[in-house]
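Data block below; observations after.
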Amino acid sequence: MKFKADQTTQKLRGGYYTPQKLADYATKWILHKRPESVLEPSCGDGVFVQALQNNGCEKAIKLSCFELFDMEAKKASKLCSGLGFKNFTVTEGDFLVWANNKINESQSLFDAVVGNPPFIRYQFLEKSFQEQTELVFKQLGQKFTKHTNAWVPFLFASLALLKNGGRMAMVIPSEIIHVMHAQSLRSYMGKVCSKIVIIDPKEIWFEDTLQGAVIIMAEKKKYTEILSEGVAIVSVNGLSFLNECPEALFQRALGINGETVEGKWTKAILEISELTLIKRIISHESVHRFMDIAKVDVGIVTGANKFFLVDNETVNRYNLEAYAHPMFGRSQHCPGIFYDEAQHESNQLKNLPTNFLYIEDDYNKLPSKVKSYIKLGESENLHERYKCRIRKPWYKVPSIYSTEIGMLKRCHVAPRLILNQVGAYTTDTAYRVTSMFTDAENLVCSFLNPLTAITAELEGRYYGGGVLELVPSEIEKIYIPVIEGYQHNSASLNQMIKDGKVEDAIRMQGEAILTELGFSEEDNEQLMKIWQKLRDRRLRK
Ligand SMILES: C[S@@+](CC[C@H](N)C(=O)[O-])C[C@H]1O[C@@H](n2cnc3c(N)ncnc32)[C@H](O)[C@@H]1O
């Protein structure tokens, strides 16, 4: 395949090369087992070939490299022969085509795999690569999703082609730990690998991509029936970990089996003692799974927020008073834990979109100014948008109700519930929460504590910038301690959150609620540390 080696192409082929020192380290680990055959599925110009040489690898080793980009493949081939490797191939083309044929023949071919697979979202892959990606999932009996990324089928295929007892060391995106689309890969790895260790740096190794990367070291089970030791995550700061022998690091890391392999791997960041503390607190009868005590629903989906969420000026200009209802949707519009009259008025004064428009009447029955507002929307083709055109009339938004509690989808420091005291509506930036167990105010105040913040970090997902996002199914899994009838100082809590003292509020509430449940202040402090560790990792502090 021919490409022009420009910037965009680099991105489109996922061509970010591994720093030599990291490649040397990963390679040293696979060589520890003296493999006779090694696969490099996407070799670029041969950083991992050089790493084999730097680690004194036998020149007779069977080395199979693949590379899509012809110029890079030639460089890698030249490097292999220049370094004196006697039994190598550098195949120019799509690794997955070759891998799919071998998987089809049920061939496990390699003692070891090393490399750094391409990072390209499925939607940006060319059709033929998309087909090969889907085929990998299909052949291995895995559930395919279009949210996948090129590195996922590369790992699946590499592991499938690895012999029992073989080793794989790869530089891959850190999102393997938590993204939903990699769940099938995590489960597959938990099934076929005897132990998985992830080296998780504080820094971003590939600055250009803004994509966190990790080194994953996985050993395939010798016999399928043996139990997996699970996943271990070794957090590192700087490059000083390179001074420790990778084999020693792999052996000392304690894998956490069972539940960790099955779900997200974020838990593996925590020490066994930390997980034990969390388990001890969660097992208290007054600590509940969110799904057992509250209902979470998505907010109103308008299909055209600009049209349906408007400021007072627009309401006045088009005589929309009879159709306007209070709403909030952004963290800045609701900085505390109460959305009350005072907050609503202050937002109105700032001319924020505080009104949600619910117009249900037939067009003919509407006042002329309202008609002209609808015409304005139609002149911008809003009525042709999918969500709008599937309802009649297009401007009548469905599923209109508000709940006593709201929760913003995304947060920076920690998630919080918002007591909705003015019956405000929320749209797709927020969820509608209904308490089924205690009163709404108690639920909102109890939500602020380190245990809930920890479980939100463990269940949620985040992207490049570090903003934490929780979908309803993830919120349902978080834990919350609730004491029926507890009197919180909610006004001062609200003020603390408004003043940005989120951490203080979480500590204070944790101390109050957890000690009431019989836990110690030290337990609360320990929970605070665990939460800070997870939060700081997410925010790359
Ligand atoms: C992240 S780079 C890593 C290169 C090298 N392994 C390293 O670590 O420096 C990924 C490489 O995969 C290549 N590539 C992309 N799609 C490929 C495919 N389907 N088959 C083989 N190589 C591919 C890209 O051209 C790029 O050189």
What pairs can you find where one residue is in segment 392-405 and touching a residue at least 40 places away in the same chain (Cβ under 8 Å) and on the phi > 0 side of the Ramachandran plot, the other is acidic (Asp, Glu) and surrounded by fewer than 19 Cβ atoms within 10 Å (Cβ to Cβ), and their Cβ atoms are less than 9 Å apart, with a gap of 6+ or different chains?
SER399/ASP297
Hey, can you tell me all the residues within segment 306-328 that are buried (at least 16 other Cβ atoms within 10 Å of the Cβ), farther than 20 Å from PRO472 by Cβ and in contact (Cβ under 8 Å) with a residue 60 or more places away in the chain?
PHE307, PHE308, LEU309, PRO326
Six or more apart or on different chains, Cβ under 8 Å: which pairs go from a residue in segment 505-520 that's polar (S, T, N, Q) to one that's open to solvent by 30 Å² or more (accessible area, probe 1.4 Å) and part of a helix (DSSP H, G or I)? Could you list them?
THR515/GLU521
Consider SER77 carefully, then state whether it is modelled with pLDDT of 95 or more, more than 15 Å from the ligand (Cβ to nearest atom) and more than 33 Å from the chain's Cα centre (by Cα).
no
So which residues in segment 463-476 are surrounded by fewer than 21 Cβ atoms within 10 Å (Cβ to Cβ) and not charged (D, E, K, R)?
TYR463, GLY464, GLY465, GLY466, VAL467, VAL471, PRO472, SER473
The correct count of residues that are open to solvent by less than 40 Å² (accessible area, probe 1.4 Å), over 18 Å from ILE30 (Cβ atoms), without any contact (Cβ under 8 Å) to a residue 60 or more places away in the chain and not in a strand (DSSP E or B) in segment 78-122 is 4
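State all residues of segment 40-56 that are open to solvent by 10 Å² or more (accessible area, probe 1.4 Å) and assigned to a loop (DSSP other than H, G, I, E, B); if no residue qualifies, say none. Quick ask: steps written out before the conclusion?
Initial filter on segment 40-56 (open to solvent by 10 Å² or more (accessible area, probe 1.4 Å)): 42, 45, 47, 50, 53-56.
Result: SER42, ASP45, ASN55, GLY56.
Restricting to segment 99-138, name every residue that is in contact with a strand residue (DSSP E or B) (Cβ under 8 Å, 6 or more places away or on another chain) and more than 13 Å from the ligand (Cβ to nearest atom).
To start, the set of residues in segment 99-138 that are in contact with a strand residue (DSSP E or B) (Cβ under 8 Å, 6 or more places away or on another chain) comprises 108-117, 119-122.
Correct list: SER108, LEU109, PHE110, ASP111, ALA112.
Residue by residue through segment 157-183, note down the ones that are within 13 Å of the ligand (Cβ to nearest atom) and assigned to a helix (DSSP H, G or I). Break it down stepwise before answering.
At the first step, the residues of segment 157-183 found to be within 13 Å of the ligand (Cβ to nearest atom) are 157-158, 169-173.
Correct list: ALA157, SER158.
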Select from segment 12-48 the residues that are of a type in the set (Phe, Trp, Tyr) and within 12 Å of the ligand (Cβ to nearest atom) and write down the one among them that is modelled with the highest pLDDT.
PHE48
Can you list the helices (runs of 4 or more DSSP H) lying wholly within segment 213-325 that have 1 or more residues being among the hydrophobic types (A, V, I, L, M, F, W, C), within 28 Å of the chain's Cα centre (by Cα) and more than 24 Å from THR27 (Cα to Cα)?
259-262, 272-282, 290-293
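Please go through segment 139-154 and pick out each residue that is over 11 Å from ALA99 (Cβ atoms) and either open to solvent by 10 Å² or more (accessible area, probe 1.4 Å) or within 13 Å of the ligand (Cβ to nearest atom) (or both).
Within segment 139-154, the subset over 11 Å from ALA99 (Cβ atoms) is 141-152.
Those that are over 11 Å from ALA99 (Cβ atoms) and either open to solvent by 10 Å² or more (accessible area, probe 1.4 Å) or within 13 Å of the ligand (Cβ to nearest atom) (or both): GLY141, GLN142, LYS143, PHE144, THR145, LYS146, HIS147, ASN149, ALA150, TRP151, VAL152.
Please pick out the residue among VAL214, VAL298, VAL261, VAL287 that is more than 22 Å from HIS32 (Cβ to Cβ), buried (at least 18 other Cβ atoms within 10 Å of the Cβ) and at pLDDT 95 or above. Don't jump to the end; show me each part of the working.
Working: VAL214 fails: more than 22 Å from HIS32 (Cβ to Cβ); VAL298 fails: buried (at least 18 other Cβ atoms within 10 Å of the Cβ); VAL261 fails: at pLDDT 95 or above.
Just a single option satisfies the conditions, and that option is VAL287.
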Cβ pairs under 7 Å, 6+ apart or interchain, first in segment 137-162 and closer than 12 Å to PHE95 by Cβ, second within 15 Å of the ligand (Cβ to nearest atom) and among the charged types (D, E, K, R), ordered by first then second residue, are LEU161/LYS102
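Evaluate the following for LEU270: is it of a type in the set (A, V, I, L, M, F, W, C), closer than 30 Å to VAL231 by Cβ and in contact (Cβ under 8 Å) with a residue 12 or more places away in the chain? Show your work before the answer.
Working: of a type in the set (A, V, I, L, M, F, W, C): yes; closer than 30 Å to VAL231 by Cβ: yes; in contact (Cβ under 8 Å) with a residue 12 or more places away in the chain: yes.
Here the answer is yes, as LEU270 does meet what is asked.
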Looking only at segment 57-74, count how many residues are within 10 Å of the ligand (Cβ to nearest atom) and assigned to a helix (DSSP H, G or I).
4
Within the bounds of segment 477-498, is there any residue that is modelled with pLDDT of 95 or more, open to solvent by 60 Å² or more (accessible area, probe 1.4 Å) and under 17 Å from the mean Cα position of the chain (by Cα)?
yes
Selected residue [more than 35 Å from the chain's Cα centre (by Cα) and open to solvent by less than 40 Å² (accessible area, probe 1.4 Å)] from ILE61, ILE30
ILE61
Out of (1) crowded, with 20+ Cβ neighbours inside 10 Å; (2) within 30 Å of ARG330 (Cβ to Cβ), what's the single condition that is false for VAL234?
(2)
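The values are calculated or read from the model by the stated rules, or taken from the named source; none is laboratory data. Everything quoted here is computed from the prediction, not taken from an experiment. Positions of Cβ are generated from backbone atoms using ideal geometry, with glycine treated the same way; all protein chains shown enter the neighbour counts. Please note that ligands, DNA and RNA were not included when accessible areas were found on the heavy atoms of the full protein model with its side chains. Shrake-Rupley method; radii C 1.70, N 1.55, O 1.52, S 1.80 Å.
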